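All remarks here apply to the structure that follows.
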């Protein structure tokens, strides 16, 4: 039986994981894309990303692109598995009822 | 952790919405294919009844479609990148070079060989489809391979079987499929 994940289930973090999981493997999204899509401030988004990074569900990479700092976020394999399991657990709740 | 039915449904709805938003953005390349399809369809349909002016030779018409779509893609700022050092990043860094070399060779062949306008068009379309099929093989995208093969076959059939209506044939069987596939995938969640 799939297990719900408390770290992921927080609404903002759930949407972050959904966005990252929708991106195919070996791809990173920009911090600004996440910020724009989720409508969050830098600090708010940063805090959620840090939480997910601590859990090992994503990696954060900082780079310079055309001499401008850019932050990229990528879901890890562990994060992808945990997210899929969480989604499955949500579906099971609906199925059970 | 216990969730109610409504909470679980709300969470799944959030996931679906975020996924759809992301997919929509990642499919920006489909707009490029759409632009290319529109240019090919209109230009070649017109060419059936209004021969292409010298400045608008078949090769340049096809190239316009490809370049327009490339410029369109450039304007839509990328929000994703391939993980540095990954296999995908390597392949995507080499693909533009491959396309450039392929098209350069074709332009060279155009000058070396005495080709008719129809031959130039057929060759250009099949060269673009060769690039499409190769991309599909490298990126493991079956749709690229199937579309590339289908358009190649239809172009060849039109060249040999209906040369009188070749321009209209490729407008329908090369241009319209690009439009159709693009719209279908853009509308898919």
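Quick look at the values:
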| item | result |
| --- | --- |
| Any chance residue A:49 is in contact with a strand residue (DSSP E or B) (Cβ under 8 Å, 6 or more places away or on another chain), more than 12 Å from chain B (Cβ to nearest Cβ) and at pLDDT 95 or above | yes |
| Residue check, residue A:62 over 20 Å from residue B:14 (Cβ atoms) and either more than 9 Å from chain B (Cβ to nearest Cβ) or surrounded by 13 or more Cβ atoms within 10 Å (Cβ to Cβ) (or both) | yes |
| Failed item in (1) in contact with a strand residue (DSSP E or B) (Cβ under 7 Å, 6 or more places away or on another chain); (2) crowded, with 18+ Cβ neighbours inside 10 Å; (3) modelled with pLDDT under 95, with residue A:22 passing the rest | (1) |
| Hey, residue A:15 crowded, with 17+ Cβ neighbours inside 10 Å and out of contact with any strand residue (DSSP E or B) (no Cβ under 8 Å at 6 or more places or on another chain) or not | yes |
| Spans of helices (runs of 4 or more DSSP H) in region A:1-96 with at least 3 residues without any contact (Cβ under 8 Å) to a residue 24 or more places away in the chain | A:11-22, A:31-38, A:42-54, A:77-96 |
| Residue match in region B:28-45 (condition: surrounded by fewer than 18 Cβ atoms within 10 Å (Cβ to Cβ) and at pLDDT 85 or above) | yes |
| Residue in region B:71-78 that is facing chain A (nearest Cβ under 10 Å) and at pLDDT below 80 present | yes |
| Residues (out of contact with any strand residue (DSSP E or B) (no Cβ under 7 Å at 6 or more places or on another chain), in a helix (DSSP H, G or I) and closer than 18 Å to residue B:141 by Cα) located in region B:85-127 | B:87, B:90, B:91, B:93, B:94, B:95, B:96, B:98, B:99 |
| Of all residues in region B:159-189 being touching a helix residue (DSSP H, G or I) at 6+ places or on another chain (Cβ under 8 Å), at pLDDT 90 or above and farther than 18 Å from residue B:39 by Cβ, the one that is surrounded by the most Cβ atoms within 10 Å (Cβ to Cβ) | B:159 |
| Odd one out for residue A:55, checked against (1) touching a helix residue (DSSP H, G or I) at 6+ places or on another chain (Cβ under 7 Å); (2) surrounded by fewer than 18 Cβ atoms within 10 Å (Cβ to Cβ); (3) facing another protein chain (nearest Cβ under 9 Å) | (3) |
| Scope region B:128-183; condition more than 14 Å from the chain's Cα centre (by Cα), closer than 25 Å to residue A:26 by Cα and assigned to a helix (DSSP H, G or I); matching residues | B:137, B:138, B:139 |
| Residue in region B:161-174 that is in contact (Cβ under 8 Å) with a residue 40 or more places away in the chain, within 24 Å of residue A:23 (Cβ to Cβ) and either touching a strand residue (DSSP E or B) at 6+ places or on another chain (Cβ under 8 Å) or away from every other protein chain (no Cβ under 14 Å) (or both) present | no |
| Every residue from region A:65-80 that is within 12 Å of the chain's Cα centre (by Cα), more than 9 Å from chain B (Cβ to nearest Cβ) and surrounded by 13 or more Cβ atoms within 10 Å (Cβ to Cβ) | A:73, A:75, A:76, A:79, A:80 |
| Hey, residue B:20 within 14 Å of chain A (Cβ to nearest Cβ), in a helix (DSSP H, G or I), in contact with a helix residue (DSSP H, G or I) (Cβ under 9 Å, 6 or more places away or on another chain) and touching a residue at least 60 places away in the same chain (Cβ under 8 Å) or not | yes |
| Residues of region A:11-37 that turn out to be more than 8 Å from the chain's Cα centre (by Cα), within 16 Å of residue B:17 (Cβ to Cβ) and more than 7 Å from chain B (Cβ to nearest Cβ), as a count | 3 |
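The values are calculated or read from the model by the stated rules, or taken from the named source; none is laboratory data. Remember, predicted model here, so these are calculated numbers, not experimental data. All Cβ positions, glycine included, derive from the backbone under ideal geometry; neighbour counts span all protein chains shown.
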